[in-house]
Every structure is written in structure tokens, then in C-alpha cells.
Amino acid sequence: MENSVLRRTDWNVFVHVLAGLPIIVISHPDPTLRGLQGRIVRETRNILVVETPSGELKKVLKLNALFLLQLPSGEWVLVRGEKIRGTQPDRLRRVERVRGVKWLVREGKKHRYTWAQSTGEDM
């Protein structure tokens, strides 16, 4: 039986911890950061710390930026910086508050449950 842990996919990557993911900065207000490639080593509310292949650490503001993130499956996902602003728990709370739903993944399929809709399971 498959694990019911929420996996990173293109539709839910912004609610996960981003540290450890490969990243490419596509667009950024600072022209020196455009095209930056590396791996996210740390994340704060407004900044991603990216380690370049040469070992240099660069701080990249999330606001007004466009990123390509590589998921563990190897798929690349285009993400706006505004979508990943805040810490991971803040982003998760924001999604649940705005959408009013809780997203669960079971057996590799996407299901949406609202508070009014029963899951059919005893919790």
C-alpha cells in the first residue's frame, strides 16, 4: 500500500519546504541574479539562499521573481516568487484559509475535501 504522505507535485510545490530543490532564477529585479542556478540551502520568509555549483551562497529575494524548481521526480516547475513568500507553515495556512479546503493525496491521485464533505473514513 502506498504512503499517504503529500508528495511534491506541480500543483502543490509551494506548500512544501523548498530547501534541497535545484533552482534556476528565470526573472528577477536584480539583473545579476537572472540565470542563477544552484540548490536551495535555506529559506526565510522573503529570501531563498541558493548554493551555486562553485559553492558560493547567494541570497535571492522571492518578491517579483520567477523561478524554475526541479521536483524530486525530475520535473521542472515554473513558480512565481509571490506564491512562495512566507515560511512553509505560513504558506500552508494561507492556502487552507483562502481555498477553504484541505488537499490530500491518496494512492497517487488528487482529492479535495471540504469541511462539509465527508471523506468516508473514520478519523
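Find out how many positive minus negative residues lie around H28, taking Lys and Arg as positive, Asp and Glu as negative, among other residues whose Cβ is under 12 Å from that of H28.
Values: positive: R34, K58, K59, K62, R80; negative: D30.
Here the charged neighbours net out to +4.
With r as the distance between the Cβ atoms of N12 and N46 and R0 = 25 Å, compute the FRET efficiency 1/(1 + (r/R0)^6) and round to 0.05. Can you show the working numbers first?
On the way: r = 21 Å, r/R0 = 0.85.
It comes to 0.70.
Over all other residues within a Cβ to Cβ distance under 14 Å of K58, the charged ones net out to +1, with Lys and Arg as +1 and Asp and Glu as -1. In order along segment 66-82, the Karplus-derived 3J(HN,Hα) couplings, from 6.51 cos²θ - 1.76 cosθ + 1.60 at θ = phi - 60°, round to 10, 10, 10, 10, 9, 6, x, 6, x, 6, 9, 10, 8, 10, 7, x, 5 Hz, and Gly and Pro are given as x.
Looking at segment 23-83, which GluC sites (Glu not before Pro) are in a loop (DSSP not H, G, I, E or B) and have at most 11 other Cβ atoms within 10 Å? Walk me through the numbers on the way to the answer.
Numbers: sites: E43, E51, E56, E75, E82; in loops: E56, E75.
When the GluC sites (Glu not before Pro) of segment 23-83 are filtered for loop state and at most 11 Cβ neighbours within 10 Å, E56 remain.
Where a number appears in this text, it was derived from the coordinates with a stated rule and is not lab data. Quantities reported herein were computed from a predicted structural model and do not represent experimental measurements. With ideal geometry, Cβ positions are generated from the backbone for all residues, glycine too; neighbour counts draw on all protein chains shown.
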